[in-house]
Amino acid sequence: MSFYEENKQKRNKPCENCRAHRRKCKVSQGTQCDRCVKMNLACVFKFTAKPTVFKKAVPVSKKNRMLEQVRMMEQEMQAMERQLKLLNVEVHLQPQENISDISSSSSSSTGSSSSMSSIAFDDEDNDNDDEVSIHTATTSNCECTDSSHCSHIHTKRMKFSPATTSSTQTALVKSTPHQWQLTVSQGPQGMRFQTSIRSISDVAVFLTESLHYFTTATPLRTPNYHAGDRTQQQLQVTNKMLQIEKVLHSFFKKKQQQQQQQQKLIAPSHHADGGDSVVARTLIKRQLVQSYFACAGLINPIFSKPCFLPLLEAHPNSLAATACCAFVAYSQCKHVTHLDWPVSRENFAESLRQEAKDMLEDMLFEQEPDILIAGALMLLAQCALITLQNGEGRLYTSLCWRMALQLKDKYVDTLSTLVPDSPHLTPQQAVAESWRRLFYAARYLELNMYMIYDGLADFSSILFDSGIGLPVVLSNERGEVEQAIQVFHHVVRLHNCQMSTRNDQLKYQLFSGNLSTISVHDVERLENQLISFWKSLPVEYRLSDSPLEYLQTDRIQQCDNPYAIYLNQLYYAYWLALETRLMRSPSSTDLLGANMERFDGERALLIVSVSCDSISKIFHVLYCRLPCSVELHWLLIASDAMAMLKKAANPHIKARAQKNLKVTLRVMKHRVQQTDTNNDDYNLWKNMLPSSSSPEASMSTSTSSSSLAESEASDDAVDHHSSSSASEMKPSNAYIKELKRTFATYFPDYEQKQH
């Protein structure tokens, strides 16, 4: 080591002797520390070379986002430059005598000496062919030697447009400080304003003097949408949550386990079944597995059907197959037409869930994590949430998400070799693709538990760029399965990161009710995210010609892909969830002054009306085409918003909301499996929301109970399902019962009707 290197090297690590005895190691001079010199010890320093850290490659998606942001910034800079140029322009009129000479010469060529063409000043380079541009200069007596730098000469560029209509008027009058003249003329390029204004200062004086002619006694709102910096403008969050959302959240916020009544099965337990009972139970399991892959397994395809359906049918007593069966039996799936088992559907579902739980406890500690265990955890989590076992559901959701993260290193390399259109597909690639789908489904469920059960406001720990790509269609997935996976690809895009994780964090903070105000700039970004998503959809998936407009029922029915209709249900549900947070009370405004260019509560209310109308029509068509995909919580939220719109001051909004609410409540009635007029579930929905005479009518949600009664008269187009065995096929109604108990204070009449 050279002298220079000895002086440069600053030892910040102790020698081996000082390290072993945890003593201070100080080197005053030389290469030995003071302690080793004093104790006559060998002073040995171990220098470890720092590992070479390779710079992490920047993902392509992040590069694309950066390029898009740079492009948007460039566009904003160009717009700002144009605005500055317009503000910095100073208009100078030519002397009257020069203009009269030029106008007379131009008018002689057109054959009309009495009418003068309109004069416009333009700084653009691409002038029209029929326009004559001339440069004039006003001279003054000056002693400047260089005319190019003379400040006394003002060069002006004037452009003359020939007169084409008889309505064009001459409007050049010499102005006086207290005489302003304004002439409005119609030319070939539209309406033209001509004034006796010579400079920007004249414009300011003119506007000041004429302002009182354009204002009323009651001042209008400040046009904040014209301001340059929208990040400083804040909008008030009028509804952190709809009332029905608060009720739904309250069900899943409860930390204690719901006490399940031990129900005695008519048939013996599955551990003590006889031979015939075992065969019958196995046949029922196979039927439920097939129903899962024909319905819920396509809406949320965590298992690839060509790969896992034969596997689960061959092993119906496995953990994954039993969890699938329990989920289908607990859910309101209408594909299960008959269960040849001498117990109720709810009891059979509970026996399947207990069987899956017993197997899960053994496998978690005996086997390595794999896709089947992770999928079973997710299905059991949904079963627990259906029965309001919130603590158990939260545990399963967390285990599923952690297992999905743990399996990333196992499958991410296989995904890099996966080619969607390749005919050569290995089983490992099919399993890896199923893991990718499970990853996004588990993250969405975990995110909702973050918001509802945990009550968190920071989602940065889960909203990150996964770097695994989006789900793709495998080469062996054809027909209906291919359609479902293609739509699931866009569903993942809608739920997860698009332009930036900040947008998603802001969106979920707003949805969870953690924001009291939000900037106009942030609202614009969230809306642009939805609009960009709509523009990126294939044309055959769109139900309209623009991102947000009133839909036509005929066009929805013409869509051949029911999963595309399901995707549009989620799209308009996001619009509804966003704008209901910002809308004004419908009864407080008639929307006569609403403007789609101004971000305020009236604009949000108008968008809510469009979203409610669209989603109600989608509910109607989707229930006829794919009934199990009509989600109950979106039906409730949409009905709540429509009930608010029923009180709108605008008659068109009010009439449309009444019609939409009738359609939505009719779908809801059939969604909860009505068997007859004495159906307890149906009577609950009929009386679930308070009437106008209820003490709770002043709340933000107030659906009239008569709306559902009116819908009974027009049930001719929805019910296509047999209800002969619905009483025995009825799924667990713990969720329905909890709704009934929660709303008991709102509906005292309903409790009296039941006794």
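The values are calculated or read from the model by the stated rules, or taken from the named source; none is laboratory data. The structure presented is a predicted model; accordingly, all values stated were derived computationally and were not measured. A quick note on method: Cβ atoms are made from the backbone with ideal geometry, for glycine too, and the neighbour counts reach across all protein chains shown.
Overview of values
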quantity	calculated
Which listed residue, of Leu645, Leu635, is crowded, with 21+ Cβ neighbours inside 10 Å, under 25 Å from Ile299 (Cα atoms) and touching a Ser or Thr at 6+ places or on another chain (Cβ under 8 Å)	Leu635
Top-ranked residue of region 189-217 - restricted to ones that are more than 23 Å from Leu86 (Cα to Cα) and assigned to a loop (DSSP other than H, G, I, E, B), ranked as modelled with the lowest pLDDT	Ala217
Tally of residues being over 30 Å from Ile468 (Cα atoms), among the hydrophobic types (A, V, I, L, M, F, W, C) and exposed (fewer than 10 other Cβ atoms within 10 Å of the Cβ) across region 40-66	3
Tally of residues being in a helix (DSSP H, G or I), acidic (Asp, Glu) and crowded, with 17+ Cβ neighbours inside 10 Å across region 466-514	1
Single condition Tyr396 does not satisfy, out of (1) assigned to a loop (DSSP other than H, G, I, E, B); (2) among the aromatic types (Phe, Trp, Tyr); (3) buried (at least 20 other Cβ atoms within 10 Å of the Cβ)	(1)
Matching residues, region 406-426, being free of Cβ contacts under 8 Å to residues at least 40 places away in the same chain, among the aliphatic types (A, V, I, L, M) and surrounded by 13 or more Cβ atoms within 10 Å (Cβ to Cβ)	Leu407
Qualifying residue in region 454-465 (condition: within 18 Å of Ala404 (Cβ to Cβ), part of a helix (DSSP H, G or I) and free of Cβ contacts under 8 Å to residues at least 40 places away in the same chain)	no
Unmet criterion (only one of (1) at pLDDT 80 or above; (2) farther than 22 Å from Pro586 by Cβ) for Leu235	(2)
